[in-house]
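Working notes, structure below.
The values are calculated or read from the model by the stated rules, or taken from the named source; none is laboratory data. These numbers come from a predicted model, not from an experiment. Reconstructed Cβ throughout: ideal geometry from the backbone, glycine too, with neighbour counts over all protein chains shown.
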Amino acid sequence: MAEGVGIILAKLAFVLLFVLNFGAVLTWVERKQSAVMQDRIGANRASIFGVRLLGLLHALADAIKMFTKESFTPDNADKPIFRIAPAISVFFALVGFAVIPFGDKLVVGDTVVNLQVAPLNVGVLYLFAVAGMAVYGVVLGAWASRNNYALLGGLRASAQMISYEVALGVSIFGCIMIYQTVDLQEIVRWQGHLLGGWLPAWGVLMQPLGFILFLTVGIAETKRIPFDAPEGESEIIGYFLEYSGMGFGMYFLTDFIETVMISAITVTLFFGGWQVPYLMADGFHFPWGGMVALSNWMVALLQFVSFTLKVMFFLWLQMTIRWTLPRFRYDQIMRLGWKYLLPISLVNILLTGFIILLLK
Amino acid sequence: MNVHDKYGPLTLWEKFYLAPILAGLWLTSKHFFRNLGRHILRAVGIKSRAMGAVTIQYPEFLRPLFPRLRTMHRLTRREDGTPRCVACMMCETVCPAKCIYILADEKLENPQIEKMLHSFDIDLGLCIFCGYCVEACPEDAIRMDTGILELSNVSRNGMVLDMETMLNLKPDGSRYAQYDKNGDIISNAYIQQPKKS
Amino acid sequence: MSDPTRHFVGKETKFLEEGVYGENFIVTSVDRILSWARLSSIWPMTFGLACCAIEMMATAASRYDLDRFGAGVMRPSPRQTDLMIVAGTVTLKMADRIKRLYDQMPEPKYVLSMGSCATSGGPYWQHGYHVLKGVDLIVPVDVYVTGCPPRPEALIDGVLKIQDKIRKESVIKRKLQERSNV
């Protein structure tokens, strides 16, 4: 489908706005959600001309403050790499959103727009490639700091991320065996099938074990609590120790953008992506016979809203896990990744294979 | 005795930690939704006694203080307006941090009271707020019941209290908890009314 | 003595170059926006050394929430913080580390000295042979909060005074701040 450059740029701008807004709002959500969970009130004092907005202006104040902080470079640091490492980190976090579909087809004039920025037919492999490159941002930042402890933090981070990439891949194989494709848009379309005529065939029903595994491994891959041993935070020294000002701001933002990315991938693979139950391209087709006709724009809007709501649920879940569970020790993280999650993923593949054979 | 000897090694189910993890998530989610519901109800306008947070929002709301709390010092006066202090130097001697500096003067009007104060300085930057000076004073001249807790300044010299300041402080009863005639605390005096700052 | 919480206040606050021109325009300067951003997002590096650290934890906990003023994100690394709260007795062994960490903080940075021991050595000023008699001998202190330990209300009042100070100071004009202490 020949989409013009204008449409591609519009989709790109839309996705970037979506992701960056979520990333910025997540800084506020983290403080407010942790406050509500801990029976207190979070940040609520920043006000512009008397308008308080429940503390959202604190996120804006954080950003402005980080811009105006002195950007410090250590004396014998590797200056070009030191400056560029946070940018690499953010780049590879943002680029992963190019293959996430947030809607079906949208008819604009006489072009049919596929609501996915880059319609790759190897979407899942692209995501793994991006996750693999994300290690570079961390390791280069730690190495260029010329600080022994930051370097150790970076080594911890790289070992953890590389180990969990294996489990990340293997836990998806069961899904790919069922969906028979690695194109993310086709995966989401496949999940619109109805089992037995009334149950939407979402991935979590086909692969519950795969879902739990993928969520755990995803949280470990993005170094969120409880797997944030590389990041440190008051017990062991982390890899962004020497970064101040906007360099630290970019690492901080990467953390939240990767949280959104794991939520988006989980929703796409296991929870039907943009699928609303019983919503087809021309309206609702209920199994008991009713039908509600909707225009194409309305259908696209409903699909986008459903995607957003599902992503927000997983963001809430990851934030709750973050503020509840204590941190794992580093050897526990490694043991979990190699000795437990990887064999269970392989067993998952075997079981899926058996069941597919039986059902044939 | 090692705890592992008492309870034995972990069973396979316990090693999964699924039950404790889910119990923890259940507890925090319960707090989250309960507080969120209370916040939304108060925002909509349905006010109830249940607060969404236990925070006392200083400086608009004040926590009630109790009578024995040791806050900023003040010097008391007799009925005729002169300070009670007779410069006996008891407080200066007993102070563990040696933060009281007294200079005495001769009091000529009354033959039964021989001395009076020339200057009385307390360096609050050194004071540890133990209350020994209050206990040691034989004249009940110094008390620590002003209810002023906000002792911060931009310089160390600004924290030296002199005699004039301390004589003019009054006990501020509005920040203290209210008691009824039997000595029981009044129950709804826990979060005080907003103060204008 | 009308307002007991403003007992020790110095100069009154004056906003820089703010004016109301006409009915529909309010003019503000970039200074004000930068100061507003800085004071709404003070990230403390809590240097809890002794008993005052317990009161600092109490201030950051649920009952008196320090996060309401934007000061809740307590980063462990000095390179990412604005305010150093020196809470507790400073020994001579620790003084070296405090100076080193203060130098590692990026500008603009502020120091709040919490408790009698950090302000002036406290009860150890006379005979304490290993106690630094006041942390302002090694780092320039902006606000002193005294008490043993200061109640959370007093610490929050100290943070509010730091916010007042940030509101008054000018970034773009680069006025030299006079940091006279003792």
Report task. Quick one: A:Leu194 ticks every box in (1) modelled with pLDDT of 85 or more; (2) more than 14 Å from chain C (Cβ to nearest Cβ); (3) surrounded by fewer than 24 Cβ atoms within 10 Å (Cβ to Cβ) except a single one, so which number is it? Result -> (1)
Requested in this report: Give segment A:97-125 a look and list any residue that's more than 14 Å from the chain's Cα centre (by Cα) and either more than 20 Å from A:Glu186 (Cα to Cα) or of a type outside the set (A, V, I, L, M) (or both), or say none.
Outcome: A:Gly103, A:Asp104, A:Lys105, A:Val108, A:Gly109, A:Asp110, A:Thr111, A:Asn114, A:Gln116, A:Pro119, A:Asn121, A:Gly123
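Here's the yes/no breakdown for (1) of a type outside the set (A, V, I, L, M, F, W, C); (2) touching a residue at least 24 places away in the same chain (Cβ under 8 Å):
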{"site": "B:Leu124", "(1), (2)": "no, yes"}
{"site": "B:Cys130", "(1), (2)": "no, yes"}
{"site": "B:Ile142", "(1), (2)": "no, yes"}
{"site": "B:Gly147", "(1), (2)": "yes, yes"}
{"site": "B:Val154", "(1), (2)": "no, no"}
{"site": "B:Leu161", "(1), (2)": "no, yes"}
{"site": "B:Pro171", "(1), (2)": "yes, yes"}
Requested in this report: May I ask you to verify whether B:Leu62 is under 30 Å from B:Tyr132 (Cβ atoms) and either touching a Lys or Arg at 6+ places or on another chain (Cβ under 8 Å) or assigned to a helix (DSSP H, G or I) (or both)?
Outcome: yes
Report summary line: Counting only helices (runs of 4 or more DSSP H) wholly inside segment A:1-96, the ones holding at least 2 residues that are among the charged types (D, E, K, R) and over 23 Å from the mean Cα position of the chain (by Cα) are A:79-95
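Go through B:Thr93, B:Thr82 for me and flag whichever is assigned by TED's automatic domain parsing to the domain that holds B:Ser155, under 21 Å from B:Asp145 (Cα atoms) and of a type in the set (Ser, Thr, Tyr).
The unique qualifying residue is B:Thr82.
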Query raised in the report: Counting only residues that are in contact (Cβ under 8 Å) with a residue 60 or more places away in the chain and part of a helix (DSSP H, G or I), which one in segment A:140-150 is surrounded by the fewest Cβ atoms within 10 Å (Cβ to Cβ)?
Result: A:Tyr149
Query raised in the report: Any idea which residue in segment A:198-228 is modelled with the lowest pLDDT, counting only those that are in a loop (DSSP other than H, G, I, E, B) and more than 14 Å from every other protein chain (Cβ to nearest Cβ)?
Result: A:Trp198
Requested in this report: Filter segment C:101-127 down to the residues that are assigned to a loop (DSSP other than H, G, I, E, B) and free of Cβ contacts under 8 Å to residues at least 12 places away in the same chain, then identify the one that is farthest from the other protein chains (Cβ to nearest Cβ).
Outcome: C:His127
Query raised in the report: Has segment B:143-154 got any residue that is loosely packed, with under 15 Cβ neighbours inside 10 Å, over 23 Å from C:Pro140 (Cβ atoms) and more than 7 Å from every other protein chain (Cβ to nearest Cβ)?
Result: no
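So which of A:Pro200, A:Pro277 is touching a His at 6+ places or on another chain (Cβ under 8 Å) and touching a residue at least 60 places away in the same chain (Cβ under 8 Å)?
Values: A:Pro277 fails: touching a His at 6+ places or on another chain (Cβ under 8 Å).
Every option except A:Pro200 fails the conditions.
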Query raised in the report: For residues in segment B:167-190 being over 25 Å from B:Arg78 (Cα atoms) and of a type in the set (Gly, Ala, Ser), which is modelled with the highest pLDDT?
Result: B:Ala177
Query - Which numbered condition A:Leu106 misses (of (1) surrounded by fewer than 20 Cβ atoms within 10 Å (Cβ to Cβ); (2) assigned to a helix (DSSP H, G or I)) - result: (2)
Query raised in the report: How about segment C:47-77: which of its residues are surrounded by fewer than 22 Cβ atoms within 10 Å (Cβ to Cβ) and small (Gly, Ala, Ser)?
Result: C:Gly48, C:Ala50, C:Ala53, C:Ala58, C:Ala60, C:Ala61, C:Ser62, C:Gly72
Query raised in the report: Taking into account only those residues within segment A:283-339 that are of a type in the set (Gly, Ala, Ser) and farther than 19 Å from A:Asp104 by Cβ, which is surrounded by the most Cβ atoms within 10 Å (Cβ to Cβ)?
Result: A:Gly337
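For (1) small (Gly, Ala, Ser); (2) out of contact with any Lys or Arg (no Cβ under 9 Å at 6 or more places or on another chain); (3) more than 8 Å from chain C (Cβ to nearest Cβ), each residue gets a yes or a no:
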| site | (1), (2), (3) |
| --- | --- |
| A:Phe22 | no, yes, yes |
| A:Val29 | no, yes, yes |
| A:Lys32 | no, yes, yes |
| A:Met37 | no, yes, yes |
| A:Leu54 | no, no, yes |
| A:Ile64 | no, no, no |
| A:Asp104 | no, no, yes |
Query raised in the report: Does A:Ile41 satisfy the condition of being within 8 Å of chain C (Cβ to nearest Cβ), touching a Ser or Thr at 6+ places or on another chain (Cβ under 7 Å) and under 29 Å from C:Ala71 (Cβ atoms)?
Result: yes
**Report entry** Residues that are modelled with pLDDT under 90 and of a type in the set (Ser, Thr, Tyr), drawn from segment C:132-182
**Finding:** C:Ser170, C:Ser180
**Report entry** Whichever residue in segment C:50-90 is assigned to a strand (DSSP E or B) and touching a Lys or Arg at 6+ places or on another chain (Cβ under 8 Å) and, among such residues, is farthest from the other protein chains (Cβ to nearest Cβ)
**Finding:** C:Met84
**Report entry** Of residues in segment B:14-57 being part of a helix (DSSP H, G or I) and more than 14 Å from chain A (Cβ to nearest Cβ), the one farthest from A:Pro326 (Cα to Cα)
**Finding:** B:Val44
Query - Unique residue being away from chain A (no Cβ under 14 Å) and part of a helix (DSSP H, G or I) when the list is C:Lys93, C:Lys133 - result: C:Lys93
